[in-house]
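First, the structure itself, so that you have it in front of you.
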Amino acid sequence: MEFTKTLLVTGGAGFIGSHVVRRLVINYPEYLILNIDKLTYAGNLNNLKDIENKSNYKFFQIDITDKKAIDEIFKLYSVDGVIHLAAESHVDRSISNPDEFILTNVVGTLHLLNACKSSWSDFNGKCFYHISTDEVYGSLGDDGLFTEETSYDPRSPYSASKASSDHIVRAYGHTYNLPIKISNCSNNYGSFQFPEKLIPLMINNIKNKKSLPIYGKGENVRDWLWVVDHAIAIDLIYHEGVIGETYNIGGHNEWKNVDLVHLLCDVMDEKLHRPIGDSRKLITYVKDRAGHDMRYAIDASKIKNELGWEPSVTFEEGLRSTVDWYLSNEKWLDDVTSGAYQRYYKEHYSQ
Ligand code: NAD
Ligand code: DAU
C-alpha cells in the first residue's frame, strides 16, 4: 500500500509514546508509523502487543544518541514528521544519575534535529514536534499557573535537560526555519506507566500491602492528566497546531500528594473488598526528594481556545479506570517489577 505520510515517533515503547503510537496506527491507516526506541528499562514492547502486526507500523530498536543509526533511518525512509518523546523521564533517577539524561534528552534531540535539517530538502509539509514537560517552568507558590509565556526555571537535572532540548528545538526553528512545535504537559497517569512514578508505584504497593513512601510532608502539588487525553492533544497539535508555536497541556486537576494517595487507598480498598481505611495505614513519610519542586499547575487555555482541546474524563473516572487496568494486568505488572526494578526500589527507598 502507498502511504500518504511517514511519521517517525521516538520513545513509542514507553508510557506516553505507546498511547501515541497506538492512536496514530489505528486512526491513520494511510500513514506509515515508524517507532524508534532504545528499549531502556522504561521501554516495553508488551505495551504495543495489540498493534504490533498492523501493516502501517514498524518498530526499530535504536538509541537516539547513536547518530549513525538515526541518519540511517532517515536515509531508509522519507520521513515527513517526527513526534519526539524518547527521553529519560524520571526525576529521582536524574538526581542519582544525571549523565544519561543529558545524553539522551539533549544530545539525542540534537541528532534528530540534525537528521531532519539535512534530509528535508524543503520544509513544506514537514514538522518536528517535541514533547516536553511543565517542569521546565520551575516551581509555583500557592497561586498562579504556568502559561506559555512563563520564564524557564528548571531545577532538577531532568527538567534542565528537557529545558535545554526545548531551547535547542526553538533555536533550530528560529535559525534554520525548521518547522517545529513544542508542547509542555503536566503529570500523566494511566495504563502502561512504569511503577517508579507515584500513581502506579502506589497502586502496586497497595495491591501487595507494602508501605506507601510519601516524600517529605506530602504537601507537594501536581496537576494530573489522563495519558489518553495527552495523546489526543499530541495528535491535535501535530495536525492542527501552528508551526513555531508552543502549547501547554494540563488537567486543571491539582492534588496534594498525600490527598491523592488517600484517594487511591480508598478506591483500591473498595475494589479489593478491604475495609475502607485499611490501606491508608500503609502510608510512610520518607526522606524528601532533593530540590523537590513544590507545585506545578498548567494554564491550558491556549490549546482550549485555539484547538478546542479539553480533558475528556474526570479525574475520578480516569483514576478508577487506571486502577482497574493495573488490577487486571497482573502479568504486565509482575514482569516490569521483577529483577532490575527490585534492585532500583531497594536502593532508592532504603536511603
Ligand atoms: P517513559 O520513561 O515511560 O518512556 C521513555 C521511552 O523512551 C522509553 O520507551 C525508553 O525506552 C525510550 N528511550 C529512553 N532513552 C532512549 C534513547 N536514548 N533512545 C531511544 N529511546 C529511548 O517516559 P514517558 O513518561 O512516556 O514520557 C515520554 C515523554 O513525555 C518524555 O519526553 C517526557 O519528558 C515527556 N513528558 C512526560 C510526562 C509524564 O508525566 N510522564 C509529562 C510531560 C512530558
Ligand atoms: O510534570 C510533568 C512530569 O511529571 C514529567 O515531566 C516527568 O517525566 C514525570 O516523571 C512527572 O514528574 P514528577 O516528579 O512530578 O512525578 P513522580 O510520579 O515521580 O512524582 C509525583 C509526586 O509524588 C512528586 O511530588 C514526588 C512524589 N513522590 C513520588 C514517588 C515516586 C512521592 O511522594 N513518593 C514516591 O515514591
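The values are calculated or read from the model by the stated rules, or taken from the named source; none is laboratory data. Since the model is a prediction, treat every value here as computed from it, not as a measurement. Every residue, glycine as well, gets a Cβ built from its backbone with ideal geometry; the counts of neighbours run over all protein chains shown. Surface areas here come from the heavy atoms of the whole protein model, side chains and all, with no ligands, DNA or RNA. Shrake-Rupley method; radii C 1.70, N 1.55, O 1.52, S 1.80 Å.
I'm checking my understanding of the structure. Among residues of region 206-232 that are assigned to a helix (DSSP H, G or I) and either near ligand 2 (Cβ under 9 Å from one of its atoms) or open to solvent by 10 Å² or more (accessible area, probe 1.4 Å) (or both), which one is farthest from ILE249 (Cα to Cα)?
LYS207
Taking GLY251 and the conditions (1) over 20 Å from the mean Cα position of the chain (by Cα); (2) farther than 15 Å from SER132 by Cα; (3) not in a helix (DSSP H, G or I), which numbered condition does it fall short on, given that it satisfies the others?
It is condition (1) that GLY251 fails.
Taking the options LEU103, LEU85, LEU113, name whichever one is more than 14 Å from ligand 1 (Cβ to nearest atom) and modelled with pLDDT of 95 or more.
LEU113
What's the number of the condition LEU112 fails, among (1) within 15 Å of ligand 2 (Cβ to nearest atom); (2) not in a loop (DSSP other than H, G, I, E, B)?
(1)
Hey, another quick one. Quick one: TYR238 ticks every box in (1) open to solvent by less than 40 Å² (accessible area, probe 1.4 Å); (2) on the phi > 0 side of the Ramachandran plot except a single one, so which number is it?
Evaluating TYR238 over (1) open to solvent by less than 40 Å² (accessible area, probe 1.4 Å); (2) on the phi > 0 side of the Ramachandran plot leaves (2) as the failure.
So, one more: For THR104, which of the numbered conditions (1) away from ligand 2 (no atom under 15 Å from the Cβ); (2) surrounded by 19 or more Cβ atoms within 10 Å (Cβ to Cβ); (3) among the polar types (S, T, N, Q) fails to hold?
(1) is the only condition that THR104 fails.
Within region 322-348, take every residue that is hydroxyl-bearing (Ser, Thr, Tyr), open to solvent by less than 50 Å² (accessible area, probe 1.4 Å) and outside any loop (DSSP other than H, G, I, E, B) and give me the one that is nearest to ligand 2 (Cβ to nearest atom).
This residue is TYR345.
Go through region 254-294 and count every residue that is open to solvent by less than 20 Å² (accessible area, probe 1.4 Å) and not in a helix (DSSP H, G or I).
1
Specify the residue that is surrounded by the most Cβ atoms within 10 Å (Cβ to Cβ); the eligible residues are those in region 19-76 that are of a type in the set (S, T, N, Q) and in contact with a strand residue (DSSP E or B) (Cβ under 6 Å, 6 or more places away or on another chain).
At the first step, the residues of region 19-76 found to be of a type in the set (S, T, N, Q) are 27, 35, 40, 44, 46-47, 53, 55-56, 61, 65.
Those left that are additionally in contact with a strand residue (DSSP E or B) (Cβ under 6 Å, 6 or more places away or on another chain): 35, 56.
Details: ASN35: 30, ASN56: 19.
Among them, the one singled out is ASN35.
Quick one: ASN253 ticks every box in (1) free of Cβ contacts under 8 Å to residues at least 24 places away in the same chain; (2) touching a strand residue (DSSP E or B) at 6+ places or on another chain (Cβ under 7 Å) except a single one, so which number is it?
Looking at each condition in turn, ASN253 falls short on (1).
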